[in-house]
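Q: Could you have a look at this structure, given as structure tokens, before my questions?
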Amino acid sequence: MSVQEAIRSVLREVDPVRLHYLEGCVSCGLCGPHCPFYYADVKYEPVNKAEEMRFIYRKEMTFAGKILGELVGAKLPRDKEDLERIREMAYRCTNCRYCYQTCPLGIYSGELIMMLRQIIDRVGMTPSCLTVLKDVEVSGNFPNGLISAWNEALKRAQEAIGGELPLDRPADLIYLPWLIEAILTPEVIVDTVKLLDKLNLNWSMPSKPLAIEPALGTIMGDKKARKVVFKRIVDYVKSHKGKAALLSHGGTPYMDLRFELPFVLGERAPFKVIHVVELLHEMYSEGKLNLKQDGVKVTWHDPCKMARGGGLIEEPRHLIKATSKQYRDLPKGIGMYSHCCGGGTGISLMAEEGRRMLRELLGELISSAKFCEELEKDHLVAVKNKVDEIEESGAELVVTGCSTCIHTINKGAKKFGKEFKAVHIVSYLQDYLP
Amino acid sequence: MIYEFAVYDMFLPSIALFTFGLIYRLSRYAFTYRKTARPEWRKRPLARRAFLLIDSFIHAIIAAAKKSRVDFLVGLLVLHTLGVIPLLFLLSHHVAWWSYYFPPYQALSFLAIPTSATSSSLTVTAPLQPVSGMSFKFVNTIWGPLTVVLNGDVLAVLAIVATAFKLADRVVAKVKHRLQRVNWGDFSALILLLFILVTGYMATHHLPFGDVVTYKNVLGLHILSAELLVILLPFTKFFHFVFNFWFGKLHEVYDIWRRGL
Ligand code: SF4
Ligand code: SF4
């Protein structure tokens, strides 16, 4: 697609809310210090990144922009250099929503930055490490390396429950683990299966992966790819008569399937989408889940997509507080004000460790690129801020609900010599079940 | 000449142009609206929702107070809360002005702020009854001794200093940090605001000279530049004051209610 076509197709999707994001900013800069990438370089403050989209919008959609051009901050990308600058800006964002909650005018710069990713994708400039993965996800034909990671996780889960896994059966609860979990945190799949088995629920899971991290099209701005993958997931749950799709990954897949799916498919899914924290909290509140208590120094890290993006703030805390008298919140902000780990929305996949893991599984399909190497430096600044905050809390264990956060925090802890460890809540609770 | 032009010739055109701009801007919002399927709301208690409704209007301010202290002090507190908003809506001259065109505004006259500390005694001990066709006690305010600080002079100086600071801040952002988000629109909006504040202050104090002609010219410039702001309002960042702040915050409330924060 040409640059002009890409821009016009993206601007066609401007609705009143995006129009407000595009037009309402007063350039006060208050969103700046809340962005995890601001500390890598001031130019990555949310408003400055989003301004790239405003330049384009003004030029294409306002009278003043068309007539007065750059005088009123209206311009289109002219050459490769401009597009590369836009791509750099677009990939210094984890879509964490913190800028949204801290803008006095309720402007979500991350949404405009995702529009930039759409343009970049439509002109064919998405970093190749992501495009390769997305194409694999859309095709549904997963290479052997990925399938063996999936099979290994399922084998471990089967051994853990000492019986057959309920694969591809009709059930009320359809557990949907993703390939990315099998790669980054296979223990989360194993421990979720153990929990579901122990709680004696009517559940099942797919024998083959439905997606890598649905939808990779979301994080790179490919709407068609997103739709294909969402449809596959909805069809699977429907055909297995699921009343609810259960997720253990509290990152983009949870927020997207829970809150964005109707916008993508044009209708609501005929089942609920729930995170395992919701299921456990409901059972705990109804007295169906008993938990033991001890004194481990533990904290909860709010995954952005679960807290700001998903509203699950109190639920995990109730569960963890029931297990430990030494629970403490993170010092710099929780829930709506929690600090992003710096790894979401594809960033950790493009960072060195993520690319190395994928290269091992996919062979030469994933090549390293200069772009990803530069991103790594900025990503590590954000990661360091997060692990420093966890260290300040004095917690020995940081519990969370998202595989990307676990991977990113543990990587940061190792890199910066921290003593604590990040685990998923399903893994943490294993020790507290009677 | 300038005064007559501003008061008698430009007032209605400026309101008409503002109305046109307002309709144009709002219609863009209406025309981009599309009906779509929406996700199921997460259930939360009503009390939580009520709290979030209020919290949404203040949490960004709290976040600014924690992480951007200077911007919070200068931009939000001094420029908005202490400066422009009370000056525009409550300075006694402005209360009279608003009331002339919109008589129910008189109801706010008990909140009117005097122009200077020296006139504060009037508000408590001797409320003035101006002799004119629209005469009412607009200086009979409730602020009492507080007017020693809560007066036009102090608030105008605060607003002028804060606006000048904001201008300097934008220069630093542009020159030192080379931030592309700072543009010509930012500078022109702040310069216009500064001009209105300075001419208002000068007119009140009959500066630079005490003769009637100069006074009327400076006051005329003050009114004319304010009318220019009114005309430009729907097309500039000043629109946040009329629309974007309210739309943004109400949408945010809707969004966090839906997600069940
Ligand atoms: S806080 Fe909001 S209004 Fe201020 S610069 Fe950021 S996006 Fe713009
Ligand atoms: S969504 Fe998060 S990472 Fe993206 S610009 Fe906003 S604060 Fe920064």
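The values are calculated or read from the model by the stated rules, or taken from the named source; none is laboratory data. Every value quoted in this text rests on a predicted model; they were computed, and no experiment measured them. Every residue, glycine as well, gets a Cβ built from its backbone with ideal geometry; the counts of neighbours run over all protein chains shown. Note: accessible area is taken over every heavy atom of the protein model, side chains too, but ligands, DNA and RNA are not part of it. Shrake-Rupley method; radii C 1.70, N 1.55, O 1.52, S 1.80 Å.
Q: Tell me which of these A:Gly417 doesn't satisfy, since it passes every other one: (1) in a loop (DSSP other than H, G, I, E, B); (2) in contact (Cβ under 8 Å) with a residue 60 or more places away in the chain; (3) of a type outside the set (D, E, K, R).
A: Condition not satisfied by A:Gly417: (2).
Residue-by-condition table, conditions (1) on the phi < 0 side of the Ramachandran plot; (2) away from chain B (no Cβ under 14 Å); (3) part of a helix (DSSP H, G or I); (4) within 16 Å of ligand 1 (Cβ to nearest atom):
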site	(1), (2), (3), (4)
A:Cys103	yes, no, no, yes
A:Gly110	yes, no, yes, yes
A:Ile119	yes, yes, yes, no
A:Leu133	yes, yes, yes, no
A:Val136	yes, yes, yes, no
A:Asn141	yes, yes, no, no
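One line per residue, one yes/no per condition, for (1) within 11 Å of chain B (Cβ to nearest Cβ); (2) farther than 21 Å from B:Trp184 by Cα:
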| residue | (1), (2) |
| --- | --- |
| A:Pro33 | yes, yes |
| A:Tyr39 | no, yes |
| A:Ile56 | no, no |
| A:Asp79 | no, yes |
| A:Arg87 | no, yes |
| A:Cys99 | yes, yes |
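Q: Residue check: is A:Glu70 within 14 Å of chain B (Cβ to nearest Cβ), open to solvent by 10 Å² or more (accessible area, probe 1.4 Å) and within 16 Å of ligand 2 (Cβ to nearest atom)? It would help to see each step written out before you state the result.
A: On the way: within 14 Å of chain B (Cβ to nearest Cβ): yes; open to solvent by 10 Å² or more (accessible area, probe 1.4 Å): yes; within 16 Å of ligand 2 (Cβ to nearest atom): no.
The answer is no for A:Glu70.
Q: Are any residues in segment A:249-275 more than 22 Å from A:Asn95 (Cβ to Cβ) and either within 22 Å of the chain's Cα centre (by Cα) or within 11 Å of chain B (Cβ to nearest Cβ) (or both), and if so, which ones?
A: Listed by number, the residues that qualify are A:Gly266, A:Glu267, A:Arg268, A:Phe271, A:Lys272.
Q: What is the number of the single condition among (1) open to solvent by 20 Å² or more (accessible area, probe 1.4 Å); (2) in contact with a Pro (Cβ under 9 Å, 6 or more places away or on another chain) that A:Glu373 does not meet?
A: Checking A:Glu373 against (1) open to solvent by 20 Å² or more (accessible area, probe 1.4 Å); (2) in contact with a Pro (Cβ under 9 Å, 6 or more places away or on another chain), the one that fails is (2).
Q: Can you pull out every residue in segment A:97-115 that is within 18 Å of the chain's Cα centre (by Cα) and more than 6 Å from ligand 2 (Cβ to nearest atom)? Can you show your working first?
A: To start, the set of residues in segment A:97-115 that are within 18 Å of the chain's Cα centre (by Cα) comprises A:97-101, A:108-115.
A:Tyr100, A:Gln101, A:Tyr108, A:Glu111, A:Leu112, A:Met114, A:Met115, listed by residue number.
Q: On the given criteria, is A:Tyr91 more than 10 Å from every other protein chain (Cβ to nearest Cβ), within 16 Å of ligand 2 (Cβ to nearest atom), closer than 21 Å to A:Lys377 by Cβ and open to solvent by 10 Å² or more (accessible area, probe 1.4 Å)?
A: Values: more than 10 Å from every other protein chain (Cβ to nearest Cβ): yes; within 16 Å of ligand 2 (Cβ to nearest atom): yes; closer than 21 Å to A:Lys377 by Cβ: yes; open to solvent by 10 Å² or more (accessible area, probe 1.4 Å): no.
So A:Tyr91 does not fit the description; no.
Q: Restricting to segment B:61-75, name every residue that is within 18 Å of A:Lys332 (Cα to Cα) and touching a helix residue (DSSP H, G or I) at 6+ places or on another chain (Cβ under 7 Å). If you could, list the steps in order and put the result at the bottom.
A: Here is the first cut: in segment B:61-75, the ones within 18 Å of A:Lys332 (Cα to Cα) are B:61-69.
Correct list: B:Ile61, B:Ala63, B:Ala64, B:Ala65, B:Lys67, B:Ser68.
Q: So which of A:Arg58, A:Arg18 is under 22 Å from the mean Cα position of the chain (by Cα) and away from ligand 2 (no atom under 11 Å from the Cβ)?
A: Details: A:Arg58 fails: under 22 Å from the mean Cα position of the chain (by Cα).
Only one candidate qualifies: A:Arg18.
Q: Looking only at segment B:25-59, filter to residues that are among the hydrophobic types (A, V, I, L, M, F, W, C) and open to solvent by less than 40 Å² (accessible area, probe 1.4 Å); which one of those is nearest to the other protein chains (Cβ to nearest Cβ)?
A: Restricting attention to segment B:25-59, the residues satisfying the condition of being among the hydrophobic types (A, V, I, L, M, F, W, C) are B:26, B:30-31, B:37, B:41, B:46-47, B:50-54, B:57-58.
Cutting the leftovers down to open to solvent by less than 40 Å² (accessible area, probe 1.4 Å) gives us B:37, B:52.
Numbers: B:Ala37: 4, B:Leu52: 9 Å.
My answer is B:Ala37.
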